[in-house]
Structures are given as C-alpha cells and as structure tokens.
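Below is one structure; the comments refer to it alone.
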C-alpha cells in the first residue's frame, strides 16, 4: 500500500514512525518545510519527503492529511485532480463539523474521506513532537459520513490499531464536537486561564505540589492550532465555558457566605462523579 | 526520642510509617477510631495506638498533631497541661494564619510549636491513604513563628528529610496562605467545578484523553477537610478565584468575538509562563 502523509508535524511524523514500525515501507511525506523533510528522511520514518510530490499523490492508495483544521479542505481541493479514484483520504483534526462540511462540499464524488481523531497529542509543535510511543493504548474516534464505505472505515481502524491505538470508536460529528468541547477544549481553557492568573511573584512554584504541575501542563499549547480548534467549535465551547462558570460561581458564593454545607455538597458531587469515571 | 502522632489519617499514618522506616521505634499513635488504632498496630507502623493515651502524651518528646485545621488548637488546649516543658509540637495543616493565631493564643509559654506543611497528600481519607512513598522527593514548608527556636526548626527539618522530603523551605504565614490559595486551592476549585459542569451524558469519558483524567484527579476530595481549608483561607482564595475569572472572561470574550489574535495572545502567554516554571 502506497501511503502519503501530508504535514510532518507532531502527529504526521509520529504516524510515519508508527506505520514504519508496523511494517509499512511505502510511506512518502510532504511538508512545506524543507528541513522537516530532511529530518524525516534522516530518521528513516519515510521513504522520501519533499515539499511537493505530485507523483506520490497521484500514485497513493491512502493519504493522511495531517494538517490544521482550516488547511484540510483547501489542500484537498487543490490536489484532488491528481488522486486515483481508489485513493482513500483521512485526516486527524480535533474538531469535525466544519472540516466535514468543508470537505464534503468540494470532494470529488468518486473519492472517500474517513474523518478520524487520534486522541493523543503533544504540546510540542512540528517534528520535534515525534513520538509514536504516545499512541500505545490511546483512543481514536472515527466520525462517519454518509458516503463512507464500511471497508474503508475498517481499513482505517485496522491501521490505527497497527499504530498502537486501543479503542477505535465511531461517533457522529455533533456528539464528537460537543464532547470534545468539554473533555478537551474546556480543560485547555482552564489551564490557560489558571496559568495566566498567576500572582506576579517569582517563588509561586516553590509552593506547588504535583497537582499544580499536572493541571497546568496543557497550558503549554500550540497557539495557532488551538486557536483554530477553538474557533471551529465556538458554539459548543462557549456552552461548556458557561456551564463551568455556573459551577464556579456556586463554589465562590458558598465560600463568600462561609456556607460549609454548600461547599461540602459541591465537593461530594465532584468526588462521586470522578469515582464513577475513573479508578486511578 | 518518644514520638506521639495524634490522628492516624492519610498523613498521620503515612508519617508513622515513614518514621518507622527511618528507624524510629518509640512511636505511639492516638486516633478517635478504635479500628484505625487496631489497623495501625497490625501494620506495625506504631508501637501502640489507642483512642486516648495521656501517658504517652505526658512522656512525649515530640507530638505530631495530624488533625484538620480547626481541630488543632482545641486539641492542644485540652491536652497541654500533660506535656513536658521540653516537648516539641508540630502540625501538618494546609493553611497557616488561622491555625497559628489560634494556637499562639492558647499555647503554654514554655512550649514550642513548629508549623509545618508537607506538600503532598492523598485524595483517600483516613488510614486507607497510608503511603509513605508519596513523601519521596516531595517539598515541605515550615512557617516560622516568633517564638520558634532555631534548633527546633532544624529538628523538624531533619525529620522531614528522614521521611523522604527533598526541599524543606521556610516561609511566613501570609506568603504561605497567599501562594497556597493559588497553587493548591484554586486548582481544586477548578477541578471540582469542571467535573460538576459535565454534560449529563454517559459516554462523555469515552472521548477523554489523558489531560482530562489528570486535570480532574483532584476533584476527588476529602470534603470536610477541604471545606475547612477553604474557609480558613477565604480572603486569599476569593482573590485567586477572581483573578482566574478575569482571565477566563478574556478567553471567552475572544472566542465570542472570534478574535484569533486575542486567543493566540492568551495561549502564548500561558505557554511562556508554564515553560518558565517547568521543564516536563
């Protein structure tokens, strides 16, 4: 199977490495940065990598488009005349409604595009985030479109498992974006706002325990990517922020009123819910 | 050295274990729960444990009062007539101004009390949270009072190191409580409110990655303890929540206005600050 990976960033390069480790040999990379291409070739995670490679695109059986959300549809539109009609396309974007709408609006009728979301990422941008080990035991989501062929969905699922993913679930775009707004995007909002609200005092971190380090880890973000992800999920993310604000005000009001019953209620509710979700 | 540990909860029992492992043999425990006492004796982390033990208190060279903040001063007041004048007292509470004020107001003039804060805790309450290994490499703070003798501070510092703590720093009560409001208490507020704002949907967690699991871990709290900690640090914690709210509104407004420059500014600020604090 001839595979092309478009975009050798943290996810694209890690996919190249994971697929190489899984035994795939015909992997060609495309990245706009010539240094990234050189690095990928040196590391042996692709057979070749170039800034443009229309020949590889025209021969590809499978193309991973590992670009930021807003770049996916424009790339497909600009290159799809080259693709074989049996060529399968897939992405890795963290939001789905907008990407699907944009791609479906322009996609050649004979092509199939499987919308996928690998649920693991690095705060490191670019090929510096190369780390195929991060996929071991991770989850992935496939957001199914009406035109998707079952065999294509099965193929992408099998490739994810070959790269080390554990659970590969199917979901619709609405449910995906609504859930992601909460479990991923809101958590990033909280970490970012928490770090940005730090007192202006050099030795703050001297007082910090492990929970502070954990909770603020995702405040180190790839700013352009996350701006893009947030703007493509504005409605659901605003809903999530507002639901959070209500609970924050509940705690704050209890504290203001020195209402220990209300505080204990909030703590007991969160404790019970967290234990339903996880056994750490 | 004859040591008494009052309160064999998650910290008290772990201290008993850590001190036993460090070679101390004359450790007696006191806990209001007879089953806890039995358990502590069975585990061999104390020589004896009883619900009351005035004899041990009267012979003690060092008493660890590992009780909740509001219980510390009343306990000292009720028992200090028994203590030898050379007996050294110390606590483990997570807030300091109120505890110090309360204890200093009633403490026998010939006694010394070292206010300490081991910066590691379990979400498990009681002796179920027994785990001396958690102290390895952890930080501890000593909040110095005017009457503290240098040799007593040195002794407590040495005992913390013997239990596995790495950094033992000294700090004043105001700075301690202000910093703790941010690095610890605010993080708990955020985790609690985040979990309590979860969409009412069973499969939410199916969409979650590692960051969600990490960030919500501390939403599993010992409700009475944290209520007590919050109420004793109300002023600084409210300040911290309000500073956080401003940053949250900044992100929310940028999102509402689809202002990608503002979003990127917030992300870049948090990324830079986080990297100044930690190299993960």
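Return the only residue of B:183, B:221, B:189 being in a loop (DSSP other than H, G, I, E, B) and farther than 30 Å from residue A:165 by Cβ.
When all the criteria are applied, what remains is B:221.
I'd like the residue in segment A:240-280 that is within 17 Å of residue B:217 (Cα to Cα), facing chain B (nearest Cβ under 7 Å) and in a loop (DSSP other than H, G, I, E, B) and, out of all such residues, is modelled with the lowest pLDDT.
A:280
Which of the numbered conditions does residue A:164 fail, given that it passes all the others? Conditions: (1) outside any helix (DSSP H, G or I); (2) buried (at least 21 other Cβ atoms within 10 Å of the Cβ).
All conditions are met except number (2).
For the subset of segment B:121-137 comprising residues that are out of contact with any helix residue (DSSP H, G or I) (no Cβ under 8 Å at 6 or more places or on another chain) and outside any helix (DSSP H, G or I), which member is modelled with the highest pLDDT?
Ranking the candidates gives B:136 first.
Collect the residues in segment B:40-56 that are in a helix (DSSP H, G or I) and more than 23 Å from the chain's Cα centre (by Cα), keeping them in residue-number order.
B:41, B:42, B:43, B:54, B:55, B:56
Which one is nearest to residue B:250 (Cα to Cα) among residues in segment A:192-217 that are within 7 Å of another protein chain (Cβ to nearest Cβ) and in a loop (DSSP other than H, G, I, E, B)?
Residue satisfying both the conditions and the ranking: A:197.
Looking only at segment A:18-39, which residues are in contact with a strand residue (DSSP E or B) (Cβ under 7 Å, 6 or more places away or on another chain), assigned to a loop (DSSP other than H, G, I, E, B) and under 16 Å from residue A:129 (Cα atoms)?
A:31
The values are calculated or read from the model by the stated rules, or taken from the named source; none is laboratory data. Because the structure is a prediction, the values reported are computed rather than measured. Don't worry about glycine lacking a Cβ; one is built from the backbone with ideal geometry, like all the others, and counts go over all protein chains shown.
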